[in-house]
Amino acid sequence: MRLSRMIVTALLAAGVSVGLTAPAQAIIGGQDATTAYSFMTSVQTRDGEHFCGGSLIDKSWVLTAAHCVVNDQPGDVQVRVGSLSSTEGGALSTVEQIIVHPEYPTAPNKHDIAVLRLTTPIGGQPVKLATERPGVDDPARLIGWGCTSPSAWCTAPPVLQEIDTTVHKAEDCNTGGGRVDPALEVCTGNPQSKSGAHKGDSGGPALVRSGDSWLLIGAFSWIPNFTFDSYDGYGVYTDVAVHRGWVRDVTGLPV
């Protein structure tokens, strides 16, 4: 029996060798979302297996983590957008093109960002990219279909999970083997309750409020302390604001 894509991506998040280097991935300690997010994306195999999150940033483009798709071809991947479930509802599209940040393959965990051009445009409201990085102690929300406990094996929960957290100083996430790059990454999580993003949430959004809508501040990249008995609630997100120029250049979008 083959390992599921979500488990393999989780092992990458943990730094466990599966032939690649070690980026991340679920919402632990969260709750069922009661309202769908029009932009929330499940990145899936073509047979519908969820393995990463993403964000609809235009009717034809999804933003996710590079480590989710760096070894995929467009025909390997589909997306489901705007549903509380990763298996039904929302809008489904295959992928026409995968663009990984060119510096990611030479420096894994840095510039861990990619965009997917969709075959079928999606009618839901996209999320806007933040134009500046969040400040320390700013409130943020994390959402995803990742595992709901730090166990070795899991499947995506039936309902999208959400949790409120804050932005931390970059060095707060230096609790494991990796070191956060404050110029490229954002540290989040709830260490007091050991709750936050974990395996299965890779590529999914970190959000801040802007009036009645949301701004995208990050795409989940890696976990500082993945091991099941020492998970501390911290998670590292690729800073979307500092990568806006790259997103604009490769998509042509006025972000």
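Helix-only arithmetic for the chain: the sum of -39500 (n - 2.57) across DSSP H runs with n ≥ 4, divided by the residue total, places the mean residue ellipticity at 222 nm at -2000 deg cm²/dmol. What the phi angles of segment 60-68 give under the Karplus curve with 6.51, -1.76 and 1.60, with θ = phi - 60°, is a coupling list of 10, 9, 10, 9, 8, 8, 4, 5, 5 Hz, glycine and proline written as x.
Test of understanding: extend the Cα→C-beta vector of Asp76 to 7 Å, then name every residue of segment 94-116 with backbone N under 13 Å from that spot. Those under the cut-off are 98-100. Take the Cα of Val159, step 7 Å toward its Cβ, do the same at Ala36, and the gap between the two points is 1.5 nm.
Estimated at 0.36 nm per residue, the fully extended path between Arg46 and Ser230 surpasses their Cα-Cα distance by 62.8 nm. With the charge dipole of segment 86-215 set up from +1 on Lys and Arg Cβ and -1 on Asp and Glu Cβ about the Cα centre, the Cα lying farthest toward the positive end among the listed residues Cys154, Thr166, His198 is that of Cys154. For Thr119, the residues 5 or more places off, or on other chains, whose built amide H falls under 5 Å of its own are Thr94, Val95, Glu96.
Placing a label point 7 Å from the Cα of Ala107 along the Cα-to-Cβ direction, the residues of segment 234-255 with a backbone N closer than 19 Å are 236-250. Eigenvalues of the alpha-carbon gyration tensor of segment 98-187, scaled by 5 and square-rooted, set the equivalent ellipsoid semi-axes at 23, 21, 18 angstrom, largest first. The phi-based Karplus calculation (6.51 cos²θ - 1.76 cosθ + 1.60; θ = phi - 60°) puts the 3J(HN,Hα) values of segment 209-224 at 6, 9, x, 9, 10, 10, 10, 8, 9, x, 10, 4, 10, 7, 10, x Hz, whole numbers, x for Gly and Pro. With R₀ fixed at 45 Å, the C-beta to C-beta distance from Thr94 to Asp212 puts the FRET efficiency at about 0.90.
Trp222 sits among other residues whose Cβ lies under 15 Å from its own Cβ, and their net charge, with Lys and Arg +1 and Asp and Glu -1, is -4. Over the Cα atoms of segment 115-255, the radius of gyration divided by the Kirkwood radius equals 0.97; this is the Rg/Rh ratio.
Which shape class, rounded, prolate or oblate, goes with the chain when its Cα gyration tensor gives a ≥ b ≥ c as root eigenvalues, a/c under 1.5 marks rounded, and past that a/b bigger than b/c marks prolate? Rounded shape, in that the Cα axes give a/c under 1.5. The packing ranking of peptides 86-98, 236-248, highest mean first, is 236-248, 86-98, where packing means the average number of other beta carbon atoms within 10 angstrom of each residue.
A short reminder: the numbers here are calculations on the coordinates, not readings from a lab. All of these numbers come straight from a predicted model, not from anything done at the bench. Using ideal geometry, Cβ is built from the backbone for each residue, glycine included, and neighbour counts are taken over all protein chains shown.
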